[in-house]
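Taken together, the values in this text are just the output of simple stated rules run on the coordinates, not laboratory data. These numbers were taken from a predicted model, which means no experiment stands behind them.
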Amino acid sequence: MQSGRNFLKVNDQVEIITGKDKGRVGKIIKLYTKTNKAIVERANMIKRHTKPTAADQQGQIVEKEAPIHVSNLKIVCPKCTKTVRVAKRILEDGTKERVCKKCNETIESKA
């Protein structure tokens, strides 16, 4: 299954537009292209109960980020600082770039 929403990249600044973390802005840590999900920094936190693995180790409750579907995310334009839709522009040399639909500036992910 190929993703139809491949405008998101790792290190993009995104805002969550629905769900319990609605309005929260964070950076994408990891993308799952097969399931169209992404992990956003400090968003959609879950508690994972872990068993002790060794005799001298204690069990604990670990908080970590859970994946969010990409349809619930909107990219934040670094130039106009608004949540925007993304278009693609083909340059003269044949390469593609992502473009903000509001201010028409290019969107580059911060590496």
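Whole number please: convex hull volume per residue, Cα atoms of region 50-111, in Å³.
Working: hull volume 10.9 nm³, N = 62.
Given the Cα convex hull of region 50-111, per-residue volume reads 176 Å³.
Only Cα pairs under 8 Å and at least 6 apart count here; give the relative contact order of the chain as a rounded whole percent. The partial results should precede the final answer.
Numbers: 210 pairs, mean separation 25.4, N = 111.
Contact order relative to length: 23 percent.
With 29 Å as the limit, write out which pairs from LYS22/LYS51; LYS27/LYS88; LYS51/LYS74; LYS30/LYS51; LYS20/LYS101; LYS9/LYS64 have Cα-Cα distances beyond it, or answer none.
On the way: LYS22/LYS51 32 Å; LYS27/LYS88 21 Å; LYS51/LYS74 37 Å; LYS30/LYS51 26 Å; LYS20/LYS101 27 Å; LYS9/LYS64 21 Å.
Listed pairs above 29 Å: LYS22/LYS51; LYS51/LYS74.
Looking at the square roots a ≥ b ≥ c of the eigenvalues of the Cα gyration tensor of region 13-78, which shape do they give, rounded for a/c under 1.5, prolate if a/b is larger than b/c, or oblate?
Verdict is prolate for region 13-78.
Could you give the C-alpha radius of gyration of the chain expressed as a fraction of 2.2 N^0.38 Å, taking N as the number of residues it contains?
After normalising by residue count via 2.2 N^0.38 Å, the value is 1.32.
Near the amide H of ARG24, under 5 Å away, which other amide H atoms are found, from residues 5 or more places off or on another chain, if H is placed in the peptide plane?
ILE16
Under a 10 Å cutoff between Cα atoms, tell me which one of ILE29, ILE90, ILE16 has the largest fluctuation in the Gaussian network model of the chain.
Its mean-square fluctuation being the largest, the pick is ILE90.
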